[in-house]
Amino acid sequence: MTKIKGLIEDISGAIRVTKKREEAFKNAKDENLYVDPINQVARALHPSPFLVKVIKIEDVSITSRMFTFQAVNNPLPIFQAGNYVSIRVKIGNTVTSRPYSISSAPYEARGENGFFSITVRRGEDGTGFVSNYLYDHLKIQDTLEVEMPFGHFYFESLRDSKDIVGIAGGSGITPFYSMAKEIAHGTLDYNLTILYGSLSHLDIILEKELDEIERKCERIKVIHVLSGENAKLNPQDLKGYISRDIIKKYSIDQDPKNGKTTYFICGPLPMYKYIKGELDSLNVPKRRIRMEVFGTDKDVSKIEGFPIEVKNEQYKITVVRGIKEDVIDAYANEPIIVALERHGILIRSLCRSGECGACRCKVLEGEFFIPKDVDYRRLADKRFNYIHTCSCYPLSDMKIKITIL
């Protein structure tokens, strides 16, 4: 309890404290010796964007390449098997970024010569703007700016069972490859059964690498489920799609509803919708389902709630950055972030799936559409008209305020 001595004595005491404080300032050194250990740990775990260089390129399927990177000037941050990296590139006048799951294992990033890898699949029919650029143009010793690690698609012992069923499709195999390598190394303690859906063996990414891990580590099992009409099956392969019966068969318990198996899912958007239905039919509780962020549907006009009559409309967006204002063209069928990047306006982005909030901005005027499945905004943001530009589409002329980069 503070003791009150009296008005004059207390006031004079405050004056003496002020004088001592001023003397301390005069005698202090110019150099700031203060160190905040919490901030040091935070910066080490999540450093600012940094440069990496390509040290290795290898084909891992007829349409996919694995690119391996080392940091140019600093050690790589610690990451979890299943995390992703955001890669920034400049293609023509467009500066954009894309998230890629890390293919390599966390233990490979540690040490003086630590590295990490991503696996890039070449898109068809004009899809894969950044992936196709990386696949076709990235060379040994090229440098890129990256930001890492991010995401929640990893094993957590307080939350997940030690028996995991991973359900993968296409390039969705990459985080599971990272997990498998870490398990085989002995630094992750769980069993992983991967149900990997592909058209045929020609379509399988990292097939040889997965086979090798499976041979060496009894805690890893890989089941290929091939849906191609003329796909040739190996003895252990399954035909068709990853159905509820297949999921049930490879769960550690035959009662998914009351069992302990945790299900991790990563793949293209149509696969998510299908697998979610299969797990729902098995009454698997949501607490035992983990889904990687999966982006938005490529054709927004097919999403429930989108006004189809404005599909091909073009609008004007006034972009406010401090006291500066720019007016850009934007289409109703493209996310606002794409319009910004197309006009050379920098905005921070990471997941590009509406989840992380890095591209959050304030809507000052105008109407917009956000698909329900990717509307991860906080309740306060919804109330005060904030959006995530990667998952938001203009429905009228708009005025938005973004952070200056």
Selection over region 296-312 where residues are free of Cβ contacts under 8 Å to residues at least 24 places away in the same chain and under 23 Å from Ile345 (Cα atoms) yields a count of 1
Kindly indicate whether any position in region 345-353 is farther than 13 Å from Thr389 by Cα and not small (Gly, Ala, Ser). no
From Ile4, Ile8, Ile38, residue being open to solvent by 100 Å² or more (accessible area, probe 1.4 Å) and at pLDDT 85 or above: Ile38
Give all pairs with beta carbons closer than 9 Å in which a residue from region 225-239 that is open to solvent by 70 Å² or more (accessible area, probe 1.4 Å) meets a residue that is basic (Lys, Arg); count only pairs at least 6 apart in sequence or on separate chains. Leu233/Lys239
Taking region 366-405 as the search range and keeping residues that are free of Cβ contacts under 8 Å to residues at least 40 places away in the same chain and assigned to a strand (DSSP E or B), which one is least open to solvent (accessible area, probe 1.4 Å)? His388
Of residues in region 272-292 being of a type in the set (A, V, I, L, M) and open to solvent by 30 Å² or more (accessible area, probe 1.4 Å), the one farthest from Pro99 (Cα to Cα): Ile289
Of the listed residues (Leu206, Leu192, Leu199), the one being open to solvent by 20 Å² or more (accessible area, probe 1.4 Å) and more than 20 Å from the chain's Cα centre (by Cα) is Leu199
Taking Ala180, is it open to solvent by less than 10 Å² (accessible area, probe 1.4 Å), small (Gly, Ala, Ser), under 17 Å from the mean Cα position of the chain (by Cα) and under 25 Å from Lys248 (Cβ atoms)? no
So, Thr94, is that one open to solvent by less than 30 Å² (accessible area, probe 1.4 Å), farther than 26 Å from Arg290 by Cα and modelled with pLDDT under 95 or not? yes
Restricting to region 276-295, count the residues that are in contact (Cβ under 8 Å) with a residue 60 or more places away in the chain and in contact with a helix residue (DSSP H, G or I) (Cβ under 8 Å, 6 or more places away or on another chain). 3
Taking the residues in region 299-320 that are of a type in the set (Lys, Arg) and at pLDDT below 95 as candidates, determine which candidate is surrounded by the fewest Cβ atoms within 10 Å (Cβ to Cβ). Lys302
Say whether the condition of being more than 25 Å from Ala44 (Cα to Cα), of a type in the set (A, V, I, L, M, F, W, C), free of Cβ contacts under 8 Å to residues at least 60 places away in the same chain and outside any helix (DSSP H, G or I) is met by at least one residue in region 152-167. no
Please indicate, with yes or no, whether at least one residue in region 68-90 is among the hydrophobic types (A, V, I, L, M, F, W, C), touching a residue at least 60 places away in the same chain (Cβ under 8 Å), under 17 Å from Tyr135 (Cα atoms) and open to solvent by 80 Å² or more (accessible area, probe 1.4 Å). no
Give the residues of region 91-104 that are over 16 Å from His152 (Cα atoms) and either in contact (Cβ under 8 Å) with a residue 60 or more places away in the chain or hydrophobic (A, V, I, L, M, F, W, C) (or both), sorted by residue number. Ile91, Asn93, Thr94, Val95, Thr96, Ser97, Arg98, Ser104
Quick one: count up the residues across region 41-67 that are open to solvent by 100 Å² or more (accessible area, probe 1.4 Å), at pLDDT below 95 and within 30 Å of Leu206 (Cα to Cα). 2
Does Ile183 count as farther than 24 Å from Pro47 by Cα, in a helix (DSSP H, G or I) and either in contact with a Cys (Cβ under 8 Å, 6 or more places away or on another chain) or among the small types (Gly, Ala, Ser) (or both)? yes
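The values are calculated or read from the model by the stated rules, or taken from the named source; none is laboratory data. Note that this is a predicted model, so its numbers are computed, not measured. Every residue, glycine as well, gets a Cβ built from its backbone with ideal geometry; the counts of neighbours run over all protein chains shown. Accessible surface areas use protein heavy atoms only, side chains included; no ligands, DNA or RNA. Shrake-Rupley method; radii C 1.70, N 1.55, O 1.52, S 1.80 Å.
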